[in-house]
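Asker: Dumping the structure here so I can ask a few things about it.
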Amino acid sequence: MKKLITVFILLFISKMITAQNLVPNGDFEQYWHCPSYISQIDSAKYWIQPTLGTCDYYNQCAQPPNLFITTSVNVPNNTFGFQQARSGVGNAGIYLWEQGPPIYREYIEVPLTSSLIAGTCYHFQMYINLANKCGITTSDVGVYFSNTLISGISNTSNLPFTPQINNSIGNSPDTLNWTLVSGNYTSLGGENYITIGNFKNDLALDTNLYNHSGNIHFSYIYIDDVSLIQCVEEGITNYNYPQINIFPNPITTQLTININTNELTELTLYDITSRKILQQTFVAAATINTESLAEGIYLYQLKTSKGIIKEGKVMKGADN
């Protein structure tokens with residue numbers, strides 16, 4: 001009996017992991033240390049830059065601009081303008097284009113939490129926002145999946161790869177809203193990394209004048225809430241996945257869930273033995289009191305009329 005329970009638990013956890021966001025720290029909330037200057041994307045846990053293009057990490061913990069700090073990576077007030085993170089208090093920033101010569105691009109790269117499975121559909125999405133000081137906007141941003149790490153490229157030119165997911169032409173970011181970039185990808189098998197940036201050369205760019213008072217010599221974007229999850233169910237390739245934020249993790253006294261959809265959502269929480277602890281329906285947001293839960297690992301499932309949209313696990317820590 002114990003063996004059967006153990007097998008069930010392992011299968012249950014395995015199923016939940018496959019539906020999780022495979023991009024670690026996709027919301028840029030976790031960091032190795034608080035950023036203090038530009039060009040410190042490696043301060044954000046798990047993110048790196050594959051070329052000499054110097055990408056930036058922004059967080060509320062950084063000092064805002066003042067008489068002594070003119071180059072700031074604070075959220076929301078920083079060197080390139082004023083913008084709240086789409087969720088939480090952190091985000092990344094890259095140049096999609098800067099007037100050359102030479103060609104200048106910046107890319108951010110992250111290892112996935114598990115290798116992709118051949119023939120499986122995955123849904124990618126992220127949100128981008130144009131920095132206030134930009135006079136030019138462009139829709140040219142893509143996502144490249146690779147089996148091996150891209151690193152050590154000693155130039156700032158556009159990477160010589162064809163991204164499997166491209167932003168739609170005309171879906172250019174503005175300085176006010178966070179613009180969704182999304183797409184589906186059917187894996188060839190073994191992909192372990194994603195790289196985000198503009199892979200086109202200057203002659204092929206889709207650029208537009210956005211702000212007459214801005215700098216027309218570059219286009220710079222903030223990036224937040226990057227996710228890659230297995231498609232909800234086989235055959236559904238055009239489903240617009242909602243953005244889901246679940247925090248904090250570890251939890252102490254409460255668990256908060258925010259979803260950018262008005263669909264009725266059902267939350268089910270299980271303990272590590274797969275015993276159902278609670279079930280609750282909500283729309284857009286919910287705050288769950290977790291004071292009575294014992295310390296340990298809990299599994300959650302979020303479900304709408306479309307099916308399961310997210311599964312994962314959270315840890316209950318000691319109450320303060």
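Asker: Within 10 Å, count the other beta carbons around each residue, average over each peptide in 185-198, 281-294, and list them highest first. Each step should come with its number before you reach the end.
Answerer: On the way: 185-198: 19.7, 281-294: 12.9.
For the peptides 185-198, 281-294, the packing ranking is 185-198, 281-294.
Asker: Amide H of Tyr193 versus every other amide H placed in the peptide plane: which residues, excluding those fewer than 5 positions away on the same chain, fall under 5 Å?
Answerer: Excluding prolines and chain starts, which carry no amide H, the hits are Leu112, Ser146.
Asker: Rounding to the nearest 10 and keeping the result within 0 to 90°, find how far the Cα-based axis of helix 2-18 lies from the longest principal axis of the chain.
Answerer: 20 degrees
Asker: Hey, another quick one. Using a 10 Å cut-off around each Cβ, can you sort Val232, Val141 from fewest to most neighbouring Cβ atoms? Write out the running numbers ahead of the final one.
Answerer: Values: Val232 20, Val141 26.
Ordered from fewest to most neighbouring Cβ atoms within 10 Å, Val232, Val141 come out as Val232, Val141.
Asker: Within a 10 angstrom radius of the beta carbon, how do His33, His123 rank from fewest other beta carbons to most? Write out the running numbers ahead of the final one.
Answerer: Working: His33 10, His123 21.
Fewest-to-most ranking of His33, His123: His33, His123.
Asker: With the contact rule set at Cα under 8 Å and sequence spacing of 6 or more, what percent relative contact order holds for the chain?
Answerer: Working: 803 pairs, mean separation 60.3, N = 320.
After rounding, I find 19 percent.
Asker: Taking amide hydrogens as modeled 1.01 Å from N in the peptide plane, which residues meet the under 5 Å criterion relative to Tyr104, leaving out close sequence neighbours?
Answerer: Glu98
Asker: Also, quick follow-up: Please list the non-local residues whose amide H lies under 5 Å from the amide H of Ile251, H modeled 1.01 Å from N, same-chain partners needing a gap of 5 or more.
Answerer: Met315, Lys316, Gly317
Asker: Under the Karplus relation 6.51 cos²θ - 1.76 cosθ + 1.60, θ = phi - 60°, what is the ordered set of whole-Hz ³J(HN,Hα) values for the stretch 58-70, x standing for Gly and Pro?
Answerer: With coefficients 6.51, -1.76 and 1.60, one gets 10, 8, 4, 5, 6, 6, x, x, 8, 4, 9, 10, 9 Hz.
Asker: Using only DSSP helix segments of four residues or longer, with each worth -39500 (n - 2.57), what per-residue ellipticity at 222 nm results for the chain after dividing by its residue count and rounding to 500? The partial results should precede the final answer.
Answerer: Numbers: 1 runs with 17 residues, N = 320.
When only DSSP H runs of four or more count, the value is -2000 deg cm²/dmol.
Asker: With θ taken as phi - 60° and the coefficients 6.51, -1.76 and 1.60, list the Karplus ³J(HN,Hα) couplings across the stretch 145-152 in order, rounded to whole Hz; mark glycine and proline as x.
Answerer: Each residue's phi maps through the Karplus curve to give 9, 9, 6, 10, 5, 9, 7, x Hz.
Asker: Please identify, among Asn155, Asn59, Asn78, the residue showing maximal mean-square fluctuation in a Gaussian network model of the chain using a 10 angstrom Cα cutoff.
Answerer: Highest fluctuation of the listed residues: Asn155.
Asker: Considering Cα pairs under 8 angstrom that are at least six residues apart, work out the relative contact order of the stretch 162-302 and quote it in whole percent.
Answerer: 16 percent
Asker: Using only Cα atoms, locate the centre of the stretch 105-138 and the centre of the stretch 155-210, then give the distance between them in Å, rounded to an integer.
Answerer: 7 Å
Quick note: the coordinates plus some simple rules give every number you see, no bench work behind them. Not measured: the values here are computed from a predicted model. With ideal geometry, Cβ positions are generated from the backbone for all residues, glycine too; neighbour counts draw on all protein chains shown.
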